[in-house]
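Here is the structure we will look at.
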Amino acid sequence: MQARGPSALPATSWRLSVLQRHLTAIPVSGQVATVSYPSDLKYTLDNDLLTLEQRRFYEENGFLVIKNLVSAEDIESFRKAFERICKKEVSAPGLVVMRDVVIAKSEYVPDQKAVTKVQDFQEVPELFRYCSLPQILKYVECFTGPNIMAMHTMLINKPPDAGKKTSRHPMHQDLHYFPFRPAELVVCAWTAMERIDRSNGCLVVLPGTHKGTLLQHDYPEWEGGVNKMYHGVRDYDPNTPRVHLVMEKGDTVFFHPLLIHGSGMNRTAGFRKAISCHYASADCHYIDVKGTSQENIEKEVAEIALKRYGVETEIDFKDVWMVRGRIVHGIRTNL
């Protein structure tokens, strides 16, 4: 249903004002629902945590910010674990350590200044602990149900832009990378490890785009180059209202895998950090992406696996995700 604002405000201005008001409000964690929920709620499951207002907001916009969800102590622990990985004091099977395309082409920069992202840290206990935090999982369950798989993990260390704008992340839909469905039972939790705003490249989202379909993705044609696997939506309406998610340390945004989102340049002198996990219901199922818009990402994943592990047989996209996935709540029923 299309939201309508007061006649005194243009529709777009009213919509953005509602979004901003919601982002600055502090939701009440653990509030028990006292109403019967409408039957038209498609993107959230009946639960005793989210208020009807919060559910309606996610249904309409495809994301929900929960303030101050992760403690400063936990964030400091994740930061220290990341530093140990950068110093090569910690290694783990499957762990991927990435550098910005500009940094990779320049002289080697030691320690964390060389690393812009670590992903697939499911075998690093201190980082994977984020995925099992009870305060995270209780919100995840509102989207996935009780059987929860942690499917993809990342700690992003967005570097100061070197002048080539490569610190940007193109607008994309996360479902492009995932060969499992249904999309409504998949959600990302993304936590700010420090204050994140437009100056250091906060997330930017296109509210409501989760109601659409999976679009064609490819590498954008950027002058400074594009980081590996940073695919972007090929075509979307540039006039779609966008919201920049200004977040304080410990704030967490939950968002739908079809929501179009990205992040801007880091214009500050420091690195900005965030940690995230994509979750899916263990009841989801794998699909064959051959002949679909996802065929290009399947091919790239296979090429990377061949280069990294020397695997000579064809890599099945499904097998990659089966290895990554970890049960974090309930039982592993399917994925």
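The values are calculated or read from the model by the stated rules, or taken from the named source; none is laboratory data. If you're wondering where the values come from, they're calculated on a predicted model, not measured in any experiment. When we count neighbours, we look across all protein chains shown, and the Cβ atoms used for this are built from the backbone with ideal geometry, even at glycine. These area figures cover heavy atoms from the full protein model, side chains too; ligands, DNA and RNA do not enter into them. Shrake-Rupley method; radii C 1.70, N 1.55, O 1.52, S 1.80 Å.
Observations, loosely collected:
- Counting only strands (runs of 3 or more DSSP E) that fall entirely inside region 247-287 and contain at least 1 residues that are touching a helix residue (DSSP H, G or I) at 6+ places or on another chain (Cβ under 7 Å) and of a type in the set (D, E, K, R), the qualifying elements are 272-281.
- Only listed residue being modelled with pLDDT of 90 or more and in contact with a Phe, Trp or Tyr (Cβ under 8 Å, 6 or more places away or on another chain), chosen from ALA269, ALA280, ALA302: ALA280
- Among the residues listed as VAL97, VAL70, the single one being in a strand (DSSP E or B) and within 21 Å of the chain's Cα centre (by Cα): VAL97
- From PHE63, PHE82, residue being more than 20 Å from VAL118 (Cα to Cα), modelled with pLDDT of 95 or more, among the aromatic types (Phe, Trp, Tyr) and crowded, with 17+ Cβ neighbours inside 10 Å: PHE63
- Filtered by the rule that a residue be among the hydrophobic types (A, V, I, L, M, F, W, C), open to solvent by less than 10 Å² (accessible area, probe 1.4 Å) and closer than 26 Å to PHE78 by Cα, region 256-281 gives ALA274, ILE275, CYS277, ALA280.
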